[in-house]
Ligand SMILES: Nc1ncnc2c1ncn2[C@@H]1O[C@H](COP(=O)(O)OP(=O)(O)OP(=O)(O)O)[C@@H](O)[C@H]1O
Ligand SMILES: [Mg+2]
């Protein structure tokens, strides 16, 4: 790892560690900024990006807490090392639970300080390597975690979109991260300091949607006690995210198209149009092209929304992301639920790798959270995966490179590969024997009882092979 450009902010009181260390680190190629005044340190944190914060002074609890807060405000993943002689005080305990701080609890020698710094930067580098667009932490946007080539391609496209205002249509199954992608586009673009306003078009009736989008004047309908700005107005200069766009009714499609073309909206019951400057990103988990073909969605609106199409692949098509996201959600839930789960057994990981994830990343997040509830120790050895149903699609093949790149343990990768082979083998064999299980057992040398069990496991129905091929 290259440390040359790493910038360390030291808040120095010469308290526990000999300040000579900073000279040594400078010689090693680090950039070091030493500040002795805590108020100035807070300013420095606000005005510049650092890779590590090192606190080496006696601070009142309040001051330390303020500093940690400031560091977290800039970037939630900036490592903080606090040198301290008094072990775990309450602040440390709290902060350590909240995130992965590195604490040096005692007066220590140069070597261990160096090791701690190297390790903190290394871990942070690793963590960041798979997190894209971590900016915008202050807005609750933590970035997109992935190492899948398909996703990386998509992220490159997002990067290229940062200078333009093009309209984007994001498609993908439920829970794949469409809203996250929309936020990434917003927070990496020129409009990042302006509002990101989201509205779920599928959750509202037609008239409610109209007044939510365009606003209404006082008295324009029963219950409109005061005039209200619409989402378009609220998103002025920023981004409007239209979720579940495939759900909007034909009359609303016309109104929306007009607003986009004219860049102005008219409130319900209003008389003057209002100019709006918004970038529109929409999303759908439906096959919107099919809707266009069926005349359920206006083709002119489709073209206007679909200037840049972005497709987010389902989780089962990027198995290398499963362990990565699992780790991410474990550390997130460790934080939220105040737990310290450190390990997942290969068997449990195997469960995740085998599952077909109809609810995608959101489902993974929920299953990890539920595992926290059922797991009493600090090791997860079972995930509460829903029982497999008969018509599960088989998990896609995983090659050796994908397994290694995805940090998928050998045992898990091998068993996944074997399972896929087993299923394909049984399908072939059943096809040859036209669904006759006894004959299949004889031909393949599999014990009939074992064969029945395996067919059940794979959700294969022999009846479906009556004509030789699966129906
Ligand atoms: N690559 C990722 N890295 C980190 N978190 C992710 C990733 N993808 C999805 N998530 C998380 O999974 C959850 C679901 O994502 P999101 O709401 O963006 O999905 P969606 O496609 O909009 O779903 P729906 O179709 O149900 O609206 C969120 O909590 C989101 O933060
Ligand atoms: Mg969504």
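For region 316-405, the spread of Cα coordinates along the three principal axes comes to 36, 30, 21 Å, biggest extent given first. Considering all different alpha carbon pairs of region 144-311, the Kirkwood hydrodynamic radius works out to 16.5 Å. Principal semi-axes of the equivalent ellipsoid, √(5λ) from the alpha carbon gyration tensor of region 281-351, are 40, 15, 10 Å from largest down.
Per 10 Å bin from zero, what fraction in whole % of the C-alpha pairs of region 410-465 is there, up to the bin with the longest pair? Cα pair-distance distribution for region 410-465, in percent: 26, 54, 17, 3. Ranked for footprinting exposure by Cβ neighbours inside 10 Å, fewest first, 22, 452 give 452, 22. What does the C-alpha gyration tensor say about the overall shape of region 145-188? Classify as rounded when a/c is under 1.5, otherwise prolate if a/b is larger than b/c, or oblate. Here region 145-188 falls in the oblate category.
Where a number appears in this text, it was derived from the coordinates with a stated rule and is not lab data. From a predicted model like this one, the values you see are computed outputs, not experimental measurements. Quick reminder, even Gly has a Cβ in these numbers, built from the backbone with ideal geometry, and neighbours come from all protein chains shown.
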